[in-house]
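To start, the structure itself, in structure tokens.
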Amino acid sequence: MDWHIMTAVRLVRAGKRAYERKWHFLSLFAFVFFGSIFTLARFDLLPDASQTPSDSLSRTPATATSSAAALGIEEPAKIAIPAISLAASIANPATTDVGILDGFLLKGAVRYPTSAKLGQIGNVVLFGHSSYLPIVGNQAYKTFDGIQKLAAGDVITVYSTDAAYTYRVRSVSKESAASDAGIPLSVAGRVLTLVTCNSFATKTDRFIVVADFVESRALSG
């Protein structure tokens, strides 16, 4: 019991002496701390202050922009319009020969060869057949059925092999097939135009849907 008492007394006395000499310990600590900082600075071993967390955060958008830019200019492969339950493949012929274009139209939508591609400034012009007959042997005759029912603000998504390009409908119009009014290929910004005759084989009028580019995103693997 006496041994425990003596140990406690010694600890109390040691604590009292340490408290009385606190300024000495603080001075010694400050000397060692600032001496270390001075030595590290002299040998250029301190961390670079310019590499701050805010700098690394500010570089993140640049990385994202580079990834988006990597999408490049691409040919369209598919189109989807949820508002009218439309989904079709898109061909990209290399010629404006009418006979060849007609052949591709029997398989789905066709991008007019001299129009813009996805990711490119200009007008991406897509053609497709329409037919409102109750029964058709080739469903490609109904590729663009119902596009005249679209309204401003409806979303159209055009897919390449690696990315999805979103457009929002600006206008829907009906023109006479005999009209000399052409579809402009050179436009400001990125535009998508869908064109179809009002009824397969008659070709008395055509429906034209114009949509503006909204955004693009890479498709996940």
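The values are calculated or read from the model by the stated rules, or taken from the named source; none is laboratory data. No experiment lies behind these values; they were computed from the predicted model shown. All Cβ positions, even for glycine, are placed from backbone atoms using ideal geometry, and neighbour counts span all protein chains on display.
Taken over the stretch 142-159, the criterion of being touching a helix residue (DSSP H, G or I) at 6+ places or on another chain (Cβ under 9 Å) and more than 30 Å from Gly72 (Cα to Cα) is satisfied by Asp145, Gly146, Lys149.
Scanning the stretch 111-162 for residues that are in contact with a Gly (Cβ under 7 Å, 6 or more places away or on another chain) and not in a loop (DSSP other than H, G, I, E, B) yields one hit, Ala140.
Residues in the stretch 107-135 that are of a type in the set (A, V, I, L, M), more than 15 Å from Asn92 (Cβ to Cβ) and touching a Phe, Trp or Tyr at 6+ places or on another chain (Cβ under 8 Å): Leu133 only. Looking at the stretch 85-102, is at least one residue touching a Lys or Arg at 6+ places or on another chain (Cβ under 7 Å) and outside any strand (DSSP E or B)? Checking the stretch 85-102: at least one residue is touching a Lys or Arg at 6+ places or on another chain (Cβ under 7 Å) and outside any strand (DSSP E or B). Name the residue that is farthest from the chain's Cα centre (by Cα), counting only residues in the stretch 188-207 that are modelled with pLDDT of 90 or more and loosely packed, with under 15 Cβ neighbours inside 10 Å. The extreme case among them is Ala188. Selection of first residues in the stretch 198-211 that are outside any loop (DSSP other than H, G, I, E, B) and of second residues that are modelled with pLDDT under 60, restricted to Cβ pairs under 7 Å at least 6 apart or on distinct chains, gives the following pairs, ordered by first then second residue: Asp205/Asn198; Arg206/Asn198; Phe207/Asn198.
Annotation note: of Ile73, Ile84, the sole residue that is touching a residue at least 60 places away in the same chain (Cβ under 8 Å) and touching a Gly at 6+ places or on another chain (Cβ under 8 Å) is Ile84.
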